[in-house]
Structures are given as C-alpha cells and as structure tokens.
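Input: a single structure, listed below in structure tokens.
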Amino acid sequence: MTSWFTFTSFAQASEAKGSEERALADEHMQEFVIRISASARRFDPDFIIVPQNGMKLAFHHTDPKKGFHTEYLSSIDGLGVEELFYRGERVEDDYRLSLLGKFKGTKTIMVSEYVREHEKVLDAYDRNVREGFIAFVREADNYHYGEIPESIFESNDEAIIHLSQAKNWLYLISTDHFSTKEEMIKAIKATNYDVILIDLFFQGSECTPQEVVQLKRKPNGKQKLVLSYVNIGAAEKFRYYWQPQWRVRHPSWMEKEYPGYDDEY
C-alpha cells in the first residue's frame, strides 16, 4: 500500500481574495483533491488521502451549513489538523472543534499539537483522546517536525491495516537531525508507531520503494502505515520541480509569496 498525505494550504492562502475569487479558488482545490484521489486509487484502491487544514473544503461551497460535499468526502480518508488545543500554550478553538465533530465516526482525525512546556504534553494527548482524535505532540525543540519523540502515547503491537485502526502517529518531515537517509530509516524502523508521516525526499534524494517497504513493519513484524507529505497548496523553492526563472506572477498561477515562509509561493 502506498499512502500520501496532501497538505491543502490553498484554502487558507486564498483568504485575502475577494469573496467570488476565493469561492472559485476553493472549488478548484476541491476538484484538485478529488482528481488526485481518483488517479491514485486507479493504481491502488487502498490509497490513503488525508488533507491537512482546510477542513471547510469538505462542505458544499465551504459552508458547513450547506452539508457535506459528498464527492470530496468520499475521496479522503481522514483530516489533518494543526494546533487544535495547543499553540505553544493552551488555546480555545471551539469553532474548529465543532467542525471536526461533524466528521466523528466517518473520518480519522489526525492532530499535530505544539506544546511549549513538557508538563502539558500529556494534557494535549488526553484532550485529543477524549474527542476520538489521534495526536502527535511536539515540543519546543521539535517545532519543525524533525525529531522522533522518546516515547509513544498509546503504543501498541497491533497490525494497522486501515487508518481508522491507528492510535498514534509520527510526524517527521524535517531531516536536519539525520546525517544520512540510512540513519533516518533505521531510526524510524525501530519505532512502534502505527502511522509514519515523512517527506518523500531526504535532502533532495527520493526514497525508493524498497526503502519505504522497510518502514512498513513494526519491530514485531506487524504492519504499520506510511504516509508521504505533499504540499499541493504552495510551490516550494527547494523542490525538484522548481525552475530558476520562476517568480511572482511568472508563471501566472504563482500569485504571491506565502506569508511566513521565505521559500514558498
């Protein structure tokens, strides 16, 4: 099973547009995710799609009052959410929490939290468990998702065949803490996570199918899932596809620099 994790930041990036232009951008992103899913599942019916952020895309016209966009909803397996209960400090986010409640029992909710104080880590996990979500909690020294935590919350030895069976997950998309790809693979192989989320590339070198297969087994030999992070909401200067002549409005779809990220458009 090959799995992808799609990062749909396009919806947030369109917030500065006018209402009509924003609505069109949202519709295009819905169609894009649907096409990605359909294309992938022609090769593998079990292909996993988990959009991160942009949860309103799951609704008609991105309006929760108008009900689910059923074609979009059937094209995804779960939802990724960043910093729901903690953004360094404890936050109240009743709006997103209420939206996520609409997906309970139908989609797996994968939450990544950022906790500045170590003493609050367990509380971040507990809050997610009470809501039926699976969480990955990172601390200040792991803000950019580059380290493997020493312990796993709700670690288990069960085989994970479907995303809905997962009780924990590892979010590891920065490779700065590893000298070689082999070192990273060895470190991940030694973990007992149910789901592994990594970038397909290690410092510009693509992970091979053989290397990915190595990551799909727990230490006891039972299966775990491997997801690949793919940013479909922004063009990134450090990616293989980047062309040196590209700049804002050239090509025409590259509208602006992504706020807060120097290498993204």
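Please treat every number below as a calculation from the coordinates, not as lab data. Treat the numbers as computed from the prediction; the structure is a model and nothing was measured. Note: ideal-geometry Cβ built from the backbone for every residue, glycine included; neighbour counts use all protein chains shown.
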- Query: Using a basic spin-label model with each label point 7 Å from the Cα along Cα→Cβ, how many nm lie between Asn192 and Asp63?
  - Reply: 5.0 nm
- Message: I'd like to know which of Leu225, Val111, Met184 lies farthest towards the positive end of the charge dipole of the chain, counting +1 on Cβ of Lys and Arg and -1 on Cβ of Asp and Glu.
- Response: Leu225
- About its Cα centre, how strong a charge dipole does region 3-231 have in debye, to the nearest 20, once Lys and Arg get +1 and Asp and Glu get -1 at the Cβ? 700 debye
- What is the chain's relative contact order, in percent, from Cα pairs under 8 angstrom and six or more apart in sequence? 17 percent
- Message: Give me the dipole magnitude in Debye, nearest 20, for region 205-265 about the Cα centre, with unit charges on the beta carbon: positive for Lys and Arg, negative for Asp and Glu.
- Response: 460 debye
- Task: Calculate one ³J(HN,Hα) per residue across region 86-99 by plugging θ = phi - 60° into the Karplus curve 6.51 cos²θ - 1.76 cosθ + 1.60, and present them in order as whole Hz with x for glycine and proline.
- Result: 9, 10, x, 10, 5, 10, 9, 9, 5, 5, 5, 5, 5, 5
- Report the net charge of residues surrounding Lys104, where surrounding means a beta-carbon distance below 14 angstrom and charges are Lys +1, Arg +1, Asp -1, Glu -1. +3
- Among Thr208, Thr191, Thr175, whose mean-square fluctuation peaks in a Gaussian network model of the chain (Cα, cutoff 10 Å)? Thr208
- Task: Taking every pair of Cα atoms in region 46-98, average 1/r, invert it to obtain the Kirkwood radius, and report Rg/Rh to two decimals.
- Result: 1.04
- Under Karplus coefficients 6.51, -1.76 and 1.60, residue-wise ³J(HN,Hα) of region 158-166 in Hz, glycine/proline x: 7, 6, 10, 9, 10, 4, 5, 7, 5
- Task: Work through the residues other than Arg249 whose Cβ is under 12 Å from its Cβ and net out their charges, Lys, Arg +1 and Asp, Glu -1.
- Result: 0
- Query: Not counting the cut sites, what is the longest span of the chain without trypsin sites (Lys or Arg not before Pro) that DSSP labels loop and that have at most 11 other Cβ atoms within 10 Å?
  - Reply: 105-248
- Once both label points are put 7 Å beyond Cα along the C-beta direction, the Trp246-Lys56 separation in nm becomes 2.7 nm
- Message: Would you calculate the convex hull of the Cα atoms in region 135-213 and tell me its volume per residue in Å³?
- Response: 100 Å³
- Message: What percent of all Cα-Cα pairs in region 3-231 falls into each 5 Å bin, going from 0 up to the bin containing the maximum distance?
- Response: 1, 6, 14, 18, 19, 18, 13, 7, 3, 1, 0
- With θ set to phi - 60°, apply the Karplus curve 6.51 cos²θ - 1.76 cosθ + 1.60 along region 206-222 and write out the HN-Hα couplings as whole Hz, x wherever there is a Gly or Pro. 6, 5, 7, x, 5, 6, 5, 4, 4, 7, 8, 10, 6, x, 8, x, 7
- Report, for region 197-265, the % of DSSP beta bridges that are antiparallel, rounded to 5. 60 percent
- Hey, for a label at Arg41 modelled as a point 7 Å past Cα toward Cβ, could you say which residues of region 54-85 have their backbone N under 18 Å away? 57-60, 68-80
- Task: Would you please give the residues with an amide H less than 5 Å from that of Phe59, counting only those at least 5 places away or on a separate chain, with H modeled from the backbone geometry?
- Result: His69
- With Cα springs under 10 Å, the Gaussian network model of the chain assigns the largest mean-square fluctuation among Tyr114, Tyr171, Tyr241 to Tyr241
- Note on the structure: Nearest-0.05 FRET efficiency for His144 and Ser19 at R0 = 30 Å, using Cβ-Cβ distance, is 0.30
- Item | Reduced Cα scattering model of region 199-245, Debye log10 I(q)/I(0), q = 0.20, 0.21, 0.29 Å⁻¹ | -0.77, -0.82, -1.13
- Go through Ile34, Ala58, Ile48 and say which Cα lies farthest out towards the positive end of the charge dipole of region 31-71; charges sit on Cβ, +1 for Lys and Arg, -1 for Asp and Glu. Ala58
- Item | Built amide H within the under 5 Å cut-off of Val81, gap 5+ | Asn53, Met110, Val111, Ser112
- Item | Of all DSSP beta bridges in region 3-231, antiparallel share, percent nearest 5 | 15 percent
- What residues qualify as long-range amide H neighbours of Leu227, i.e. H under 5 Å apart, gap of 5 or more or another chain, H built at 1.01 Å from N? Ile196, Leu197, Ile198
